[in-house]
Structures are given as C-alpha cells and as structure tokens.
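Take a look at the structure set out below.
The values are calculated or read from the model by the stated rules, or taken from the named source; none is laboratory data. None of the values given here were measured: they were computed from a predicted structure. All Cβ positions, glycine included, derive from the backbone under ideal geometry; neighbour counts span all protein chains shown.
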Amino acid sequence: MQLYVHIPFCKQKCRYCAFVSFAEQESKKEKYVELLLKETENRKKEFKEEIQTVFIGGGTPSLLTPEQLTRLTAGLFSRLPVEKINEFTIEANPGTVTKQWISAAVNAGMNRLSLGMQAFQPEILGVLGRIHKYDDVVASVKLAHSFGIKNINIDLIFGIPGQNLDQWKETLNAALALDPVHISTYGLIPEENTPLYEDLKSGLIILPDPDLEREMYDTAISELRAHGMKQYEVSNFAKPGFECHHNIGYWKHVPYAGFGISAASMEIIQYGKEGMICKRSTNPCDFSAYEQMINCNCKPDDETLVLPTESRFETLMLGLRMNEGIKETEFEKLHGVQLDSIYGEKLRKLELQGLLVHSDHSWKLTRRGFDIQNSILIELMED
C-alpha cells in the first residue's frame, strides 16, 4: 500500500504547470491541513495493510510552515498503519527550503527529498516561470546533507523553448556536481490552458527541433550513465539501490491512497484467474468542493472501475516504461492469463522489427523502441 498527499499551494504558478495548484492562497494552508487530517480520519478504515511508501507532493509542500508539516505528519501517522514505511519522500522548491523546514521534515521521518531544479540558466528558468536560482538548489542540497539526508532526487526538464544542447549539458553537469543519487529528466510537454502553451500557440516562443530534443535525451542517458546512474525507467536514473520505490509501485499496480485536492486513489477489487479489476477515484480539484466532500464524509464523485481488458493493457503500458520490462510471471499473477496468450503474436512481430526483446521471461523495449513507445502501445492494444 502506498500513500500520496497533495499540497496544492505555490508562491507562483509555473508557466508550464497543469497540475492542480494555487498561487497566492497561503492563507488557506491552516484550513487545508485540518481538512487533510479529517480526510485521514474519514478514510483510515480503508487501510487493510501496512503503508510501504509515503510521498508528499504538490504544488509546493515546502510552503507548509514547520509547525504545519509537523502537525500534518503526526496526524497522518497516528491514524494510519505506518510501522513498515521504507521510503518517505517530500517534494520541495529550492526557493522555499529553510533550515527549520528541513529539520521538521527529518523529524517527521522524511528520508528522501525531491528538488525541482529543472534548469541551470536563469533565462531558461524564466521561460518556465520558476522562482528559484541554481544557488538555491545548492543551498537546499547542503541543508539536506547537514541533516543526514543523502537520498536526494533532482528533477530536470529538457526541450524548453530557447534551450540549446550546450545549455542542457550545462544543466546536467550542474545537477551532477551536487552528487545526487537520483535524477529525473522530463521532456517538456506543453499542456493546454497554461501560459507556456498559449505563448507557443501564438508563436511568441517555439519548441526546439525534435531531432535536438532527441539528442538532449540521448545526452542525458550517456552523461548520467557515465556518472554511475542506471536508467531504470523512461525518465528516471538512479545510483544502485536508490530507485524511487513509490513510483515503481505505480508502475507495478501497487494499490495507493491519495489524500488532498485532486489526489487519486487505486484499489484492486480482484486479481488472478478471474481477471484484474481496479477501482479508481479522484478527489475534487476545487477547494470548496473538496471541503464539502470531507465535511460530509462522502466519497469522490469521480469513481470508476477498470475492467480486465483495460487492466491488462495498463500493466503492459506501465511495465514497458521500465528498463526491466514486463515479467511474464507477474503478469499472470495479476491477470490470471499468460501474457503470450493475449499479446504473444503482436509482441513477436515487434521483436522482429527490433522494437522489443524477449529475455529472462520478460519483454523489454529496445533503445529504438523507447523512442516510439506510443506507436508500439497502439500496436499492442487488444482488438
């Protein structure tokens, strides 16, 4: 079982961000912590097994005051089965991290910090609408180290309007200079209804050429490998033993509960010989609607069942994101059928095209396959 807690507050909304977050509404933080604790009380009976990982994301969790963070985590952990937590991640914006906040986070049990560096150059950070500078990243890492936190992830973005290959290499080198154990590199995806998308649509800015973006991705793979980081998923690289267990849980159908505005939850209703059926739900994205749901102890309106055919495809889609691929034994355990009986003919066809490889009872994408993953998934959809 996994737990995700969403903190929707930001000092300033990033220009590319489509996540549910609110700028300049910090006066609501106190009320929001109360609602999160009430949601925990309402839902504590859902937890039939121990929580293995906790992830507090956002938004900007580091905007919570140390006192609010302490009260939130203490309230969560006093109500939920947390004796077996092995990974507790909190996201932070480098421009908001303080010694007092790090101290509160560590005292709460945080053992993994995720920092949104995104880029090195001030002008590229400006395109993204970020509020921090590289010096803030350096200071945040030093603070975390001073409190004994070594498990640090740094998020980076490539394919940003105005960004060239030399700047991307400079960003990678600046991140590596901080000696993190995990780096996530994401190609920028312009999302509708964001300022960056509107600027692209109007022609005010343009995206880098697709060939340049591919070169940036290849550069990240080679540079990070040279520094001892193994790619274990499309966008994620880690030193041995520091892979993100929480994210791996998502990719392997580990059930999760999401608390807070817009947070999603997934419960497995059945699996095995009868096929896999999941129940998914998402909390309201509006503050007032979320407050009303919590106060009436209601369930989210957005609740759906994921039936066996869709569940099988999700296992395929998520499994192929990872370098280890899809293990045939794990697929059969979840779905009650052999992978080969559903997808075998299509998988072998793609193997002949050099897009997939079958080894050690697993199916994996080749390097070429990773580049056209979406096209491969369309080919694999059940008729």
For this session: State whether one or more residues within segment 350-358 are closer than 28 Å to residue 218 by Cα, assigned to a helix (DSSP H, G or I) and in contact with a Lys or Arg (Cβ under 9 Å, 6 or more places away or on another chain).
Result: no
Exercise. When both residues are 6+ apart or on different chains and their Cβ atoms are under 6 Å apart, which pairs have a first residue that lies in segment 169-195 and is over 16 Å from residue 212 (Cβ atoms), and a second that is among the acidic types (Asp, Glu)?
Worked result: 184/155
For this session: Kindly list, by first and then second residue, each pair from a residue in segment 337-349 that is over 14 Å from residue 308 (Cβ atoms) to a residue that is assigned to a helix (DSSP H, G or I) and not charged (D, E, K, R), limited to pairs with Cβ atoms under 7 Å and residues at least 6 apart or on different chains.
Result: 346/380
Exercise. Hey, does segment 330-337 have a residue that's at pLDDT 95 or above, in contact with a strand residue (DSSP E or B) (Cβ under 8 Å, 6 or more places away or on another chain) and either in a helix (DSSP H, G or I) or closer than 24 Å to residue 6 by Cα (or both)?
Worked result: no
Problem set entry | Out of 44, 150, sole residue that is free of Cβ contacts under 8 Å to residues at least 60 places away in the same chain, surrounded by fewer than 17 Cβ atoms within 10 Å (Cβ to Cβ) and assigned to a helix (DSSP H, G or I) | 44
Seminar exercise, completed: Of the conditions (1) touching a Ser or Thr at 6+ places or on another chain (Cβ under 8 Å); (2) within 28 Å of residue 153 (Cα to Cα); (3) outside any helix (DSSP H, G or I), the single one that residue 275 does not satisfy is (2)
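Quick grid of which residues meet (1) closer than 21 Å to residue 151 by Cα; (2) aromatic (Phe, Trp, Tyr):
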| site | (1), (2) |
| --- | --- |
| 233 | yes, no |
| 253 | no, no |
| 259 | no, yes |
| 262 | no, no |
| 271 | no, yes |
| 277 | no, no |
| 283 | no, no |
| 287 | no, yes |
Problem set entry | Count of segment 338-380 residues which are exposed (fewer than 13 other Cβ atoms within 10 Å of the Cβ), of a type in the set (A, V, I, L, M, F, W, C) and more than 18 Å from residue 234 (Cβ to Cβ) | 1
Problem set entry | Selection from segment 278-296 of residues that are surrounded by fewer than 18 Cβ atoms within 10 Å (Cβ to Cβ) and either at pLDDT below 95 or not in a strand (DSSP E or B) (or both) | 285, 286, 287, 288, 289, 292, 295, 296
